[in-house]
2 protein chains.
Amino acid sequence: MKTVGFIGLGIMGRPMAKNLLKAGYSLRVCDVNPEPVADLAALGATPCATPRETAQSVDVVITMLPNSPEVRQVVLGPDGVLEGAAPGVILVDMSSIAPEASREMAEAAARKGIPMLDAPVSGGEPGAINATLAIMVGGDAEAFAKVKDLLLTMGKSAVYIGGSGSGNVCKLANQIVVALNIIAVSEAYTLAAKANTDPKVVFEAIKGGLAGSNVMNAKSPLMFARNFKPGFRIELHRKDLRNALDTGDATGHPLPFTHLAFDILEKLIAEGKGKDDHGGIVQYFEALTGVTVE
Amino acid sequence: MKTVGFIGLGIMGRPMAKNLLKAGYSLRVCDVNPEPVADLAALGATPCATPRETAQSVDVVITMLPNSPEVRQVVLGPDGVLEGAAPGVILVDMSSIAPEASREMAEAAARKGIPMLDAPVSGGEPGAINATLAIMVGGDAEAFAKVKDLLLTMGKSAVYIGGSGSGNVCKLANQIVVALNIIAVSEAYTLAAKANTDPKVVFEAIKGGLAGSNVMNAKSPLMFARNFKPGFRIELHRKDLRNALDTGDATGHPLPFTHLAFDILEKLIAEGKGKDDHGGIVQYFEALTGVTVE
């Protein structure tokens with residue numbers, strides 16, 4: 001596990017690839033955008049024109065892409081990973097995508113002798129830069145054992161969840177909880193404001209009790225300061241909740257609260273707030289009630 | 001502040017009154033149930049027949065009752081606190097009730113020269129027994145200063161929130177967040193189970209990240225163990241959400257998520273689960289989807 005093909009050098013992928021280079025791995029890199037490819041090449045990576053080329057002569061291929069369609073294209077499409085990778089190469093998709101897409105691609109890859117893991121991350125851009133990502137892994141347990149050290153070059157933890165797709169199921173569960181916890185504090189703080197009670201005092205009074213949460217601690221001060229600079233964008237959280245709803249449809253879970261949360265994100269995106277941090281969800285409740293939590 | 005009238009010796013009130021006795025306060029006590037009155041009398045408290053009698057010859061009157069109607073009856077009704085208390089006595093209602101009821105009673109009490117504070121608590125029965133309650137106080141700031149030491153005999157913190165009613169607004173905000181955080185993990189874990197992913201592994205994988213919360217840490221192990229022994233009962237949480245919805249109606253906040261949460265509690269109570277711990281909310285999502293999070 002010395003040579004890695006890395007496809008997708010965006011906000012997350014670029015710093016993750018740099019951490020692999022720093023750790024001494026040989027890298028072949030590819031992106032639709034030439035700028036980060038040149039950036040990585042200047043640090044010693046080999047630039048490649050296609051996913052197929054990136055997957056040649058490597059031990060591991062990592063993909064870090066926006067959503068299921070992009071990963072399908074890069075893995076299964078013409079000039080894709082499965083055209084270039086030799087049997088035995090391990091494919092690790094670290095994108096946050098639909099679990100069903102992970103399972104389908106893992107089956108297609110397995111038919112070519114290529115174990116494919118779904119290994120989405122949490123921790124955002126700071127986690128990618130500082131190699132403190134939390135990595136949730138689904139797929140073949142033996143393949144996971146072989147790449148675990150490599151994954152820990154990019155993160156602080158790499159937890160094996162279960163069979164193919166379960167890494168992304170875990171990520172969706174995480175995103176449901178985070179969205180609903182942001183909504184919980186938003187609904188509570190705006191009720192306080194409507195009832196002439198200072199949300200900042202409420203926060204200080206309740207954060208140490210059962211209502212306390214990492215979301216409350218991280219997002220309340222940003223809400224009070226009207227700081228909605230991402231962080232994690234509402235439009236990305238919308239994508240995750242869309243994948244959660246699709247997974248609910250496929251498995252028979254109506255996800256009533258996630259549905260309502262999704263509608264709120266859609267409304268905020270329609271109003272041009274899609275690039276705000278997801279803490280900006282509070283703005284929906286403020287518009288609904290005519291108060292702010294400042 | 002040496003002599004206290006204590007009205008309402010239930011699951012919460014009885015241990016709170018005992019902590020006052022232990023701290024050396026003289027107590028006059030009253031309850032509709034003779035058993036806890038006799039219990040406290042055996043420890044040195046003076047039993048009283050009515051709230052009026054309990055409020056005579058004391059510095060402070062504390063009420064700890066189920067909901068707004070009981071407090072109104074005890075404070076404003078015949079043989080009530082306002083008939084017995086001399087001007088200058090401080091009335092501290094530690095029940096969790098509707099903020100609007102707190103405000104109305106505080107006005108009626110003020111007309112008789114009696115400052116009334118709303119001082120609901122969180123921490124449940126263990127907090128009442130161990131004197132570790134978190135006390136949220138609304139009302140006259142001078143009256144609060146006078147009774148703060150007395151309140152800290154029963155709790156670990158007593159935070160001044162603002163004007164009359166704001167103690168209960170803070171408590172409602174707390175209860176909204178707790179209910180929605182329980183629902184968040186319930187919806188996420190049942191989705192994981194539907195998608196063939198072990199909720200226990202999901203919990204371990206995500207609890208350290210942004211999705212982590214005191215609710216997740218406290219309730220997940222109980223959900224996995226099918227332990228729904230209260231704790232805090234669903235029927236009591238229903239009462240708090242009803243007061244939150246009424247406060248929303250009165251102030252113009254539609255509280256869309258709290259509404260949906262309230263409906264779920266109503267359904268669980270109709271199914272005979274009202275006396276389960278509120279962690280048992282997960283059973284609604286299990287019935288909805290046909291899986292358990294065991």
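The values are calculated or read from the model by the stated rules, or taken from the named source; none is laboratory data. All values reported here derive from a predicted model rather than from experimental measurement. In this analysis, Cβ positions are derived from the backbone assuming ideal geometry, glycine residues included, and neighbour counts consider all displayed protein chains. Remember, those area values only see protein heavy atoms, side chains included, never the ligands or the DNA or RNA. Shrake-Rupley method; radii C 1.70, N 1.55, O 1.52, S 1.80 Å.
Of note:
- Cut-off 13 Å between beta-carbons: net charge of the residues surrounding A:D276, Lys and Arg +1, Asp and Glu -1: +4
- Bridging of B:K267 to aspartates and glutamates at a Cα separation below 14 Å is possible for B:E235, B:D276, B:E286, once same-chain residues fewer than 8 apart are set aside.
- Within chain B: Cβ-based charge dipole about Cα centre, in debye rounded to nearest 20 (Lys, Arg +1; Asp, Glu -1): 540
- Note on A:E107 and A:S26: the extension gain reaches 26.4 nm, defined as 0.36 nm multiplied by sequence separation minus the Cα-Cα distance.
- Between A:K2 and A:N227, the FRET efficiency estimated from the beta carbon spacing at R0 = 45 angstrom works out to 0.55.
- Unsatisfied cross-links (Cα-Cα over 21 Å) in the set B:K148/B:K171; B:K200/B:K273; A:K273/B:K207; B:K219/B:K273; B:K200/B:K275: B:K200/B:K273; A:K273/B:K207; B:K200/B:K275
- Centroid-to-centroid separation of the stretch B:118-136 and the stretch A:161-196 [C-alpha atoms, Å]: 27
- Model label zone, A:E271; criterion: amide N under 20 Å from point 7 Å along Cα-to-beta-carbon; scope the stretch A:166-190: A:179-190
- Relative contact order of the stretch B:3-164, pairs being alpha-carbon contacts under 8 Å that are 6 or more residues apart, as %: 19
- At 7 Å out from Cα toward Cβ: A:E142 inter-copy label distances (nm, ascending): 8.1
- Accessible-area composition of the protein assembly as shown, carbon plus sulfur, in percent [1.4 Å probe]: 53
- Prolate/oblate/rounded label for chain A (Cα gyration tensor, a/c 1.5): prolate
- Those residues of the stretch B:273-294 for which accessible area with every protein chain present is at least 40 Å² below the isolated value (1.4 Å probe): B:L288
- Across the identical copies, how the A:K112 labels are spaced - nm, sorted shortest first, 7 Å along Cα→Cβ: 8.3
- Accessible area per residue, Å², the protein assembly as shown with all protein chains present, probe 1.4 Å: 36
- Antiparallel DSSP beta bridges within the protein assembly as shown, as percent of all bridges there, nearest 5: 15
- Helix-only [θ]222 nm of chain B, DSSP H runs n ≥ 4, -39500 (n - 2.57) each, per residue, nearest 500: -16000 deg cm²/dmol
- Given R0 = 41 Å, the distance between the Cβ atoms of B:A42 and B:T132 translates into a calculated FRET efficiency of 0.95.
- For A:K275, inter-copy label distances in nm, listed shortest first [label point 7 Å out on the Cα-Cβ vector]: 5.8
- Take each residue of peptide A:135-144, count the partner chain Cβ atoms within 10 Å of its Cβ, and average: the result is 1.
- A cut-off under 13 angstrom between Cβ atoms defines the neighbours of B:A244, and their net charge, with Lys, Arg +1 and Asp, Glu -1, is 0.
- B versus A: buried accessible surface, summed, Å² (probe 1.4 Å, to nearest 100): 4800
- Nearest-to-axis residue of chain B, judged by beta-carbon position, where the axis maps B onto A, in Å: B:S213, 2
- Estimated inter-spin distance, A:S57 and B:N33, nm [label 7 Å along Cα→Cβ]: 8.0
- Shielding by partners for peptide A:162-175, expressed as the average number of C-beta atoms from other protein chains within 10 Å of each residue's C-beta, is 6.
- The mean number of Cβ atoms from other chains found within 10 Å of a Cβ in peptide B:258-264 is 2, as a whole number.
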